[in-house]
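Report on the structure given below.
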Amino acid sequence: MGSSSNDDFSVVVLASDLGIDARPFLAKHDGEIEDQDNWHDCSQDFSDEDFSDLDFLQLFRLEGSDKSGNRIFRIVGKYFPAPVVSGDRLKRYIFQKIHNELPEGPFCIVYMHSTVQKEDNSPGITILRWIYEELPSEIKDRLQVIYFIHPGLRSRLVFATLGRFFLSGGLYWKIKYVSRLQYLWDDIKKGEVEIPEFVQNHDKVLEHRPLTDYGIEPDPLHLTEHFVGREYTIFQLDCFYLFLKEQCWLLVS
């Protein structure tokens with residue numbers, strides 16, 4: 001027998017058919033190094049790619065800061081041409097913007113969902129999750145909050161039912177719904193982020209048709225959009241209706 005040692009040690013014997021995967025036991029530091037290497041390799045892949053067409057649309061750009069000091073990445077969903085831009089190209093574009101433009105420190109996302117159409121402007125939650133999962137852990141940790149402006153009923157239901165299981169890394173808890181622009185100014189000073197005119201107009205419409213937030217459309221012809229910001233009596237509206245009726249009669253006759 002060999003000489004004894006003062007150091008204590010133990011031996012654990014495992015059955016050979018347990019199929020232990022050693023990857024979860026690797027040091028976290030090694031995983032972070034691998035993330036950074038992949039991030040560096042990815043940046044080399046899109047360094048020569050032309051994204052001028054997407055930059056022209058201004059769908060994803062760096063702006064000011066919120067009141068907590070987080071730099072703002074503004075995303076306008078309506079500007080994204082989903083039918084002609086693949087998920088893979090969208091991923092490379094987002095990675096390129098973050099790698100080249102995002103300074104050090106925490107940041108936030110202001111996402112404007114106003115008038116977004118699923119078929120025309122949405123890449124799909126699966127693709128968005130895939131893009132997020134591919135980000136380095138360091139970038140995920142720096143993301144502090146996502147201001148989700150004008151969320152529709154469908155978006156709220158999807159995130160409420162599937163968000164906790166579908167979104168990882170605490171992303172679900174970083175989403176802050178902002179139903180009106182006036183509530184956004186509680187966290188961001190005016191002028192720190194540019195609000196497109198159509199988003200402002202949509203906000204005014206919602207202000208006068210609050211049931212739309214809950215998927216109820218009381219005015220399917222959108223007639224109230226012509227009266228946004230103005231007050232009319234029932235008599236005035238009746239006169240307007242009679243005027244339209246008279247004009248239609250004149251056209252027919």
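The values are calculated or read from the model by the stated rules, or taken from the named source; none is laboratory data. This structure is a prediction, so every number in the text was calculated from the model and none was measured. No Cβ is skipped: glycine too gets one built from the backbone with ideal geometry, and neighbour counts run over all protein chains shown. Note: accessible area is taken over every heavy atom of the protein model, side chains too, but ligands, DNA and RNA are not part of it. Shrake-Rupley method; radii C 1.70, N 1.55, O 1.52, S 1.80 Å.
Roughly to the nearest percent, how much of the accessible area of the range 150-208 is carbon and sulfur, given a 1.4 Å probe? Before the final figure, lay out each step's value.
Values: 1950 of 3620 Å².
Roughly 54 percent of what the probe reaches on the range 150-208 is carbon or sulfur.
Could you check what % of the DSSP bridge pairs in the range 51-216 are antiparallel, to the nearest 5? Expressed as a percentage, antiparallel bridges in the range 51-216 total about 20.
Modelled label positions at Thr115 and Leu102, each set 7 Å beyond Cα in the direction of Cβ, lie 2.9 nm from each other.
Taking a threshold of 18 Å on the Cα-Cα distance, which of the pairs Lys91/Lys176; Lys67/Lys190; Lys118/Lys176 fall above it? Checking Cα-Cα distances, Lys91/Lys176; Lys118/Lys176 exceed 18 Å. Per the Debye formula on identical point scatterers at the alpha carbon atoms of the range 51-216, with no solvent, log10 I(q)/I(0) at q = 0.10, 0.13, 0.16, 0.19 Å⁻¹ is -0.36, -0.62, -1.00, -1.50. Highest mean packing first, where packing is the average number of other Cβ atoms within 10 Å per residue, the peptides 56-63, 116-123, 145-152 line up as 145-152, 56-63, 116-123.
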